[in-house]
Amino acid sequence: MASVIGGTGSFFGPWKENHAWAQGAKPIKLGLTCDASGQYGNSGQDDFRGIKMAIDEFNAKGGVLGRQITFITADTETTPATGSRVAERFITREDCTILIGALHSGVANAITQVASKYGVIYMNTNSSAPSEAGENCSRVKFVWDGNGTNFSKASVKNAVDSIGKTWMLLTNDYVWGHTTSAATKAQVEAAGGKIVDNLLVPQNTRDFTAYLLKIQQAKPDVVATAIGGDDIKALREQVAQLKLDGKPAWINNQQDWPDVWGAPDSLFGVFGTTWYHKLQLPGVADFVRKWQAANKDGPIPVPGNVSYNGYMSTRELLRAIERAGSTNNVKIIKELENLKVSATDRMQHFDAYMDPMTHQMQQTIYLARRNAKPADNTDLYEIISWTEPKSAADDAAPGKCKLAPYEQVPTVDS
Amino acid sequence: MFDILPHLVNGLTLGLLFALIALGFMLIVGLMEQINLAHGSLFALGAYVAMQLTGPRPPLPAELAKLWLALPLGWRYAATLVIAPVIVSLVGILIEFCMRRTYGKDPLYGLLLTFGAAMVIEELIRLVWGTRDYVLQVPSAVNGGFLFGDLIWSTYRFYAAGIAAGIIGLVWLLIEKTSFGATVKAGAHDSEIVRALGINLSRLRLLVFVFGTMLAAIAGIIVAPIWGIRPHMGVDAVIPAFLVIVLGGVGSFWGAVVAGLLVGLCVGLAGAYASEWSLLSMYILLVAVVTFRARGLWGKKSVLEV
């Protein structure tokens, strides 16, 4: 809370206050571009909880390089224009030298454009369009979530072989939906399946009956969805209402935890995730306890994949600053490009690494379905498989991603 | 050819829901000449209050709560359909009380006031219930799906459309066939004459606003199981409501109903045959109609043209 007040205070405070820090142990100021409203408002705030937890942990042990970490946050409203405006303000008026956060790939891309212009490092915590580490990659941006291709590679071939070859796509009509569905289509066709139709769903669709009728008429074996945020919540409720969750089979590319919480009964199909709070791995239970202690009054009682990605990205950023011994942007970028994290440290099944060609974290990809025998009221998932990073890697991304040379990145130092 | 029939049926049921959402909005604009931008927030509040009443922790003393929860869900749901709109109407009374200073002045004042009220209600919802999503439980009799023409249909969708049609009919009877309705319409047409006849115009306006508020709350309760309950659900309601009354013509009861059905058909058919156009189609329809007929299909000169 104190950090929030601190961050907000500096936002409203006079410009000269920031300069006063230059005399001594000037804090390192982060700009948190987390949605608080719009389609990903819930997820954006869950992201924030994870980021803040990492910041608090470092501050509790004296900060980084002997400097405290402060932050400012503003609602990016799940809108690219607002995301761009917030990023510009954080960098030019609030003296933020690193930006963190995003769910919506359109917002993430807008922030990337601004960050690249100024050379400011941007940690894209939770936006998972393949284009984020492909054609929209940047030397200053690091992508921490699994993307649509990773999840498709982990799920599609097995589903074509075991369920059927006739597939239909249900695609949110924006960059994440399109790129994710394109990845799924490629995987389906490579596995010998066929896409019979791709229904584009405008963002903020609340009524899916027309789509569900169309799906019933087409009778596909599998429906693969790339629907996010509030839209997937509405879809899940309507699929559950009609009891269409058995046939056809549903592959939901990725399921963010805040989109599940509140309506667990409508969790259907097989879906992807990068982490689950009931993974039987060292450190998970302790992490959950610490997260719960830090978020006692939060709307969600346990950390999910969104909060996990927020935490991990911030922790690795702060560690990279420590290793670099500097807040110079290029030095930190080089540290992050060489990042390797052990499975134990990541609380996942396999070691993870940052791909230096695309700046996407390569990590374990989990497939899950609804847990029929939950241990408690938070135990919604049954993890059915875990795929190692190299098997789920997006092979096309390095060919699409063109990182600017280091010398073309403007110098930034905190 | 027969492939289109399910989508026509779907469009009509969706249209009835759009008409229901727009009904309270239409009454207040048409009869009071006030654009109530808080309509969507009152819609959301109706859903939240209903969820709280039918959920496992009703806001009642322990003993009463025990008795209430002992009732079957069907009874609780039926009672909630009446109780929740009455509770929400108290907020409507408060808004109308604040609006009194704006009557007879530039409509912009009322617009800004209700916009502010919408923001306040949405933030209060966040404060009380947080940002998480909720589900409104409905009785099993209206839940699930049924098989018709080898397709599974939502039982609740038809129940909701039936309720919407019933409420539209009742509102029409009230407005067109009762002395209350005649007085309200006369007040909207010429408030000075109505006042001269000894009718308490302030009370009349209050009644209209409360009635519109209750309709917003009922629409929220009916639509909640389809859309889900979340703080900004009101924004999803107020936009189509505004669109429907402009398309139908401000002040026209049947204009709003027909416009609701047209919008539903448009969205439903586009969803099936040109899915990426489904939401955009309603705006294209509005532009097409307003280009040739600025007052909407059955509109008369109104506050929107001042």
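The values are calculated or read from the model by the stated rules, or taken from the named source; none is laboratory data. Computed from a predicted structure; not experimentally measured. Virtual Cβ from ideal backbone geometry, glycine too; neighbours counted across all protein chains shown. When the accessible area is computed, the model is the full protein with side chains, heavy atoms only, and any ligands, DNA or RNA have been set aside. Shrake-Rupley method; radii C 1.70, N 1.55, O 1.52, S 1.80 Å.
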Self-check item: Summed residue charge, Cβ within 9 Å of residue A:206's Cβ, Lys/Arg positive, Asp/Glu negative
Solution: -4
Exercise. Taking 7 Å along the Cα-to-C-beta vector as the label spot, tell me the residue B:196-residue A:322 distance in nanometres, rounded to one decimal.
Key: 8.4 nm
Quiz prompt | Karplus 3J(HN,Hα) series, Hz, for segment B:209-224 with 6.51 cos²θ - 1.76 cosθ + 1.60 (x for Gly, Pro) | solution = 5, 5, 4, x, 5, 5, 5, 4, 5, 4, 4, x, 5, 6, 7, 3
Quiz item: If amide H atoms are built 1.01 Å from N in the plane of the peptide, which residues on other chains or at least 5 residues away come under 5 Å of the amide H of residue A:77?
Solution: A:36, A:37
Quiz item: Using a simple charge model, +1 on the beta-carbon of Lys and Arg, -1 on the beta-carbon of Asp and Glu, nothing else, what dipole does the protein assembly as shown show about its Cα centre, in debye to the nearest 20?
Solution: 780 debye
Quiz item: Any idea what the relative contact order of chain A is, in percent, if you count C-alpha pairs under 8 Å spaced at least 6 apart?
Solution: 18 percent
Quiz prompt | Accessible area in square angstrom per residue, the protein assembly as shown, 1.4 angstrom probe | solution = 39 Å²
Practice problem: Please work out the FRET efficiency for the pair residue A:162 and residue B:148, using the Cβ-Cβ distance as r and a Förster radius of 35 Å; give the result to the nearest 0.05. | Solution: 0.65
Quiz item: Which of the cysteines found in the protein assembly as shown have nothing to pair with, since no other Cys Cβ lies under 4.7 Å from theirs?
Solution: A:34, A:96, B:98, B:266
Exercise. Please report, largest first and rounded to whole Å, the three semi-axes of the ellipsoid equivalent to the protein assembly as shown, where each semi-axis is the square root of five times an eigenvalue of the C-alpha gyration tensor.
Key: 46, 31, 24
Practice problem: List, in order, the whole-Hz ³J(HN,Hα) value for each residue of segment B:227-242 obtained from phi through the Karplus relation with A = 6.51, B = -1.76, C = 1.60 and θ = phi - 60°; use x for Gly and Pro. | Solution: 8, x, 10, 8, x, 9, 4, x, 5, 5, 8, 5, 5, x, 4, 4
Quiz item: residue A:81 versus residue A:337, label points 7 Å from Cα toward the beta carbon: distance in nm?
Solution: 3.6 nm
Quiz item: Restricting to lysine pairs 8 or more places apart or on different chains, what number in chain B have Cα atoms under 29 Å apart?
Solution: 8
Quiz item: What is the sum of charges around residue A:133, taking Lys and Arg as +1, Asp and Glu as -1, for the other residues whose C-beta is under 11 Å from the C-beta of residue A:133?
Solution: -3
Quiz item: Which listed residue (A:163, A:84, A:106) has the Cα farthest towards the positive end of the charge dipole for segment A:77-168, taking +1 on Lys and Arg C-beta and -1 on Asp and Glu C-beta about the Cα centre?
Solution: A:163
Quiz item: Can you work out ³J(HN,Hα) from phi for every residue in segment B:117-127, in order, using Karplus 6.51 cos²θ - 1.76 cosθ + 1.60 and θ = phi - 60°, giving whole Hz and x for Gly and Pro?
Solution: 4, 4, 5, 4, 5, 5, 5, 5, 4, 4, 5
Self-check item: CD proxy at 222 nm, helix term only [per DSSP H run n ≥ 4: -39500 (n - 2.57); per residue of chain A; nearest 500]
Solution: -12500 deg cm²/dmol
Practice problem: Multiply the residue gap between residue B:300 and residue B:288 by 0.36 nm, knock off their C-alpha separation, and tell me the result in nm, one decimal place. | Solution: 2.5 nm
Practice problem: Using only atoms on other chains, find how many Cβ atoms lie within 10 Å of each Cβ of peptide B:121-134 and report the average. | Solution: 3
Quiz prompt | Averaged over A:196-209, number of beta-carbon atoms from partner chains that fall within 10 Å | solution = 6
Quiz item: What percent do you get for the relative contact order of segment B:189-306 when only Cα pairs under 8 Å and 6+ apart count?
Solution: 23 percent
Self-check item: Full-extension gain in nm, residue A:56 to residue A:25, via 0.36 nm per residue minus C-alpha separation
Solution: 9.4 nm
Exercise. Anything over 31 Å Cα to Cα? Flag those among A:157/A:340; A:141/A:214; A:233/A:296, in the order listed.
Key: A:141/A:214
Self-check item: Extension reserve of the residue B:112-residue B:83 stretch, reckoned as 0.36 nm per residue once the Cα distance is removed
Solution: 7.5 nm
Exercise. Would you work out the relative contact order for chain B, in percent, from Cα pairs under 8 angstrom that are 6 or more residues apart?
Key: 37 percent
Quiz item: Tell me: how much accessible area in total is hidden between B and A, 1.4 Å probe, Å², nearest 100?
Solution: 3000 Å²
Quiz item: With each pseudo-label sitting 7 Å past Cα toward Cβ, what's the residue A:290-residue B:174 distance in nm, one decimal?
Solution: 5.8 nm
Exercise. Considering the options A:202, A:271, A:240, tell which one lies farthest towards the positive end of the dipole of segment A:189-271, charges being +1 on Lys and Arg and -1 on Asp and Glu at the Cβ, about the Cα centre.
Key: A:240
Practice problem: Just need the Rg to Rh number for chain A, please, alpha carbons only, Kirkwood Rh. | Solution: 0.97
Quiz item: Going highest first, how would you order A:84-94, B:90-100 by mean Cβ packing within 10 Å?
Solution: A:84-94, B:90-100
